[in-house]
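> This is the structure I want to talk about, given as structure tokens.
The values are calculated or read from the model by the stated rules, or taken from the named source; none is laboratory data. Source: prediction; values computed, not measured. Methodologically, a virtual Cβ is constructed for each residue, glycine included, from the backbone with ideal geometry; neighbour enumeration extends over all protein chains shown. Keep in mind that these areas ignore ligands, DNA and RNA; they rest on the heavy atoms of the full protein, side chains included. Shrake-Rupley method; radii C 1.70, N 1.55, O 1.52, S 1.80 Å.
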Amino acid sequence: MSALSLLALTLLGADSTPAPPSLVVAPLRALGIATIEAKNLTEELRGAVVRARRYTVVTPQDVTAINEALQKQLASGCDETECMAEIGGALGAQFLITGTAGRLGKRFVVTLKLIDIEQVRALRTASVR
């Protein structure tokens, strides 16, 4: 075995454990709150998903490209779930989290959907205040 192969095995790990599925955390849509608040909540969500270690999370740089592409597609009349699934699929992701952030009185309300990109369907939804 060459030194380069040995280095690659050391870097990647020699076990045969399958890689966790990949996931895109799309920017949360702001509903009656400042865009910066939705952006901060999105970053908190992304951090929580990374800490859970159940998915490989697409990088924030890719998410910026996703947001720009999504805005263009939504402007042309594309359904949000379908558009997001298409964009996530283009990044090679298997799953997508999308949702909204707003206020109910003084509390934030965040509603999320976990979407299976291949099947273009919501697997779970959740809401928290």
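> Within the range 27-39, take every residue that is in contact with a Gly (Cβ under 8 Å, 6 or more places away or on another chain) and of a type in the set (A, V, I, L, M, F, W, C) and give me the one that is most open to solvent (accessible area, probe 1.4 Å). Working first, answer last.
Taking the range 27-39 first, the residues in contact with a Gly (Cβ under 8 Å, 6 or more places away or on another chain) are 28-33.
Cutting the leftovers down to of a type in the set (A, V, I, L, M, F, W, C) gives us 28, 30-31, 33.
Numbers: L28: 15, A30: 44, L31: 92, I33: 23 Å².
So, considering only residues that are in contact with a Gly (Cβ under 8 Å, 6 or more places away or on another chain) and of a type in the set (A, V, I, L, M, F, W, C), the one most open to solvent (accessible area, probe 1.4 Å) is L31.
Let's see how each residue does on (1) part of a loop (DSSP other than H, G, I, E, B); (2) more than 23 Å from N40 (Cβ to Cβ); (3) modelled with pLDDT of 85 or more:
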{"residue": "G89", "(1), (2), (3)": "no, yes, no"}
{"residue": "G92", "(1), (2), (3)": "yes, yes, no"}
{"residue": "A101", "(1), (2), (3)": "no, no, yes"}
{"residue": "L112", "(1), (2), (3)": "no, no, yes"}
{"residue": "L123", "(1), (2), (3)": "no, yes, yes"}
{"residue": "A126", "(1), (2), (3)": "no, no, yes"}
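> Same structure, new question: Would you point out the residue of the range 106-125, among those that are open to solvent by less than 60 Å² (accessible area, probe 1.4 Å) and in contact with a Ser or Thr (Cβ under 9 Å, 6 or more places away or on another chain), that is nearest to G92 (Cα to Cα)? Give the steps one after another, and end with the answer.
The first filter runs over the range 106-125 and keeps only residues open to solvent by less than 60 Å² (accessible area, probe 1.4 Å), leaving 109-112, 114-117, 122.
From the residues that got through so far, the ones that are in contact with a Ser or Thr (Cβ under 9 Å, 6 or more places away or on another chain) too are 109-112, 114-115, 122.
Values: V109: 30, V110: 26, T111: 24, L112: 21, L114: 16, I115: 14, A122: 18 Å.
For the range 106-125, the residue satisfying everything is I115.
> Of these, T81, T42, which one is of a type in the set (V, I, T) and either open to solvent by 20 Å² or more (accessible area, probe 1.4 Å) or at pLDDT below 65 (or both)?
On the way: T42 fails: either open to solvent by 20 Å² or more (accessible area, probe 1.4 Å) or at pLDDT below 65 (or both).
Every option except T81 fails the conditions.
> Only one of S22, S16 is modelled with pLDDT of 85 or more, over 30 Å from G105 (Cβ atoms) and of a type in the set (G, A, S). Can you tell me which?
S22
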